[in-house]
């Protein structure tokens, strides 16, 4: 059903594009006089971009009902880069994003990692002569974290680790001690795919991009653990050891973006991967194994070097964690372009 509905979505947009083009041509005027001039082709060669941004917030409370006395601080770094090559009807797009954030609250007298992501994607696209908004593509991506992952509790906590072979290891961690989960670059999510893309609408206020294809998804976890459950009454954490896996299936993607005003832009992206093959044994099946990645951003540019951004993301990779991982926040970002 997912594959059929995705093709119907792309097909309806293709038909809608053709219908709009026909309605825009008066019957008594020849097409060559009313059709818009074709967009200027992207010049051949490399287009490089690299930007660096910093985010931060500070809040202090004292004798405020419902809050803990003390300061809450958050500081972050965002790196965005792209390296795109155009050569005739061929395009090679590369995108890099690094997000790092540290947070300190009155409950914990130390900075802890609250965001850590490294994402890189490379995509090849072929543009048909005279029909450059549709064609085949091939791409690969990697998503991981740069630093070790851990949890920190404000009270003494019993940690029960369940290994892949079913054995359990129980230890007590004192308050504010790190409870190690995964090492740097773990878990690592690798994706490779091929298929067709269609970009049926491209205006300043709205650009629509779609992709549909087949691909592989690999999860590399090393010896890492993830949270299985937490019992607040007994301060007991149960961790389970992750397992490497490979999946093959169908993937669909929809991306929207545009400008609502001269200084207001937005973007939204949804990607779903439906596995038809899974290398590991699991109690999940069918749609319960589907991986989903949703994200959206609204940005208000306050100055050339500063913007106010609202960012939200929700993703679910059942073979890593069979629950939604949700992050959202408002950030005041100050940055500049290096390239």
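Rule-based calculations on the coordinates, nothing more; no lab input. Note that this is a predicted model, so its numbers are computed, not measured. Cβ atoms come from the backbone with ideal geometry, glycine included; neighbour counts cover every protein chain shown.
Note: relative contact order over the chain, using C-alpha pairs below 8 Å and six or more positions apart, is 12 percent. Distance from the C-alpha centroid of segment 79-111 to that of segment 206-242: 20 Å, rounded to the whole angstrom. The length gained by stretching the chain between residue 46 and residue 63 to full extension, at 0.36 nm per residue less their Cα-Cα distance, is 0.4 nm.
Pull out the extension gain between residue 321 and residue 107, defined as 0.36 nm times the separation in residues minus the alpha carbon to alpha carbon distance; nm, one decimal.
Working: separation 214, 0.36 × 214 = 77.04 nm, distance 2.66 nm.
Residue separation times 0.36 nm, minus the Cα-Cα distance, leaves 74.4 nm.
Normalise the Debye intensity by I(0) for the chain, one equal point scatterer per Cα, no solvent, then take log10 at q = 0.07, 0.08 Å⁻¹ and round to two decimals. Log10 I(q)/I(0), no solvent term: -0.39, -0.50. Projecting label points 7 angstrom from Cα along Cα→Cβ for residue 154 and residue 87 puts them 5.8 nm apart.
Mean projection of the alpha-carbon convex hull of segment 52-183 over all orientations, in nm²?
Details: hull surface 53.9 nm².
Here the figure is 13.5 nm², rounded to one decimal.
Could you work out [θ]222 nm for the chain from helices alone, using -39500 (n - 2.57) per DSSP H run of at least four and dividing by all its residues? Round to the nearest 500 deg cm²/dmol.
Working: 2 runs with 26 residues, N = 339.
Rounded to the nearest 500, the figure is -2500 deg cm²/dmol.
Values of log10 I(q)/I(0) for segment 143-194 across q = 0.12, 0.15, 0.21 Å⁻¹ run -0.40, -0.57, -0.87, by the Debye formula with one identical scatterer at each alpha carbon and no solvent.
Assuming 0.36 nm per residue, please report the length gained on full extension of the stretch residue 223 to residue 301 beyond their Cα-Cα distance.
Working: separation 78, 0.36 × 78 = 28.08 nm, distance 4.28 nm.
Extra length available between residue 223 and residue 301 comes to 23.8 nm.
In this simple spin-label model, placing a label point 7 Å from the Cα along the Cα-to-Cβ direction at both residue 292 and residue 177 gives a separation of 3.9 nm.
The mean sequence distance of close C-alpha pairs (under 8 Å, at least 6 residues apart), as a share of the length of segment 112-192, puts its relative contact order at 32 percent. For segment 237-315, the fraction of alpha-carbon pairs lying more than 20 Å apart is 54 percent, rounded to a whole number.
Computed over segment 285-339, the percent of Cα pairs more than 18 Å apart is 51.
For the Cα trace of segment 99-158, dividing Rg by the Kirkwood Rh returns an Rg/Rh value of 1.35.
What are the equivalent ellipsoid semi-axes of segment 190-271, built from the alpha-carbon gyration tensor (square roots of five times its eigenvalues), in whole angstrom, biggest first? It would help to have the intermediate numbers written out before the result.
Values: eigenvalues 285, 100, 14 Å².
Working through the eigenvalues yields semi-axes of 38, 22, 9 Å.
Both the radius of gyration and Dmax for segment 139-276 are 20.8, 59 Å, in that order, over alpha-carbon atoms. Highest mean packing first, where packing is the average number of other Cβ atoms within 10 Å per residue, the peptides 259-267, 176-184, 244-252 line up as 244-252, 176-184, 259-267. Relative to the longest principal axis of the Cα atoms of the chain, the long axis of helix 2-23 makes an angle of roughly 40 degrees.
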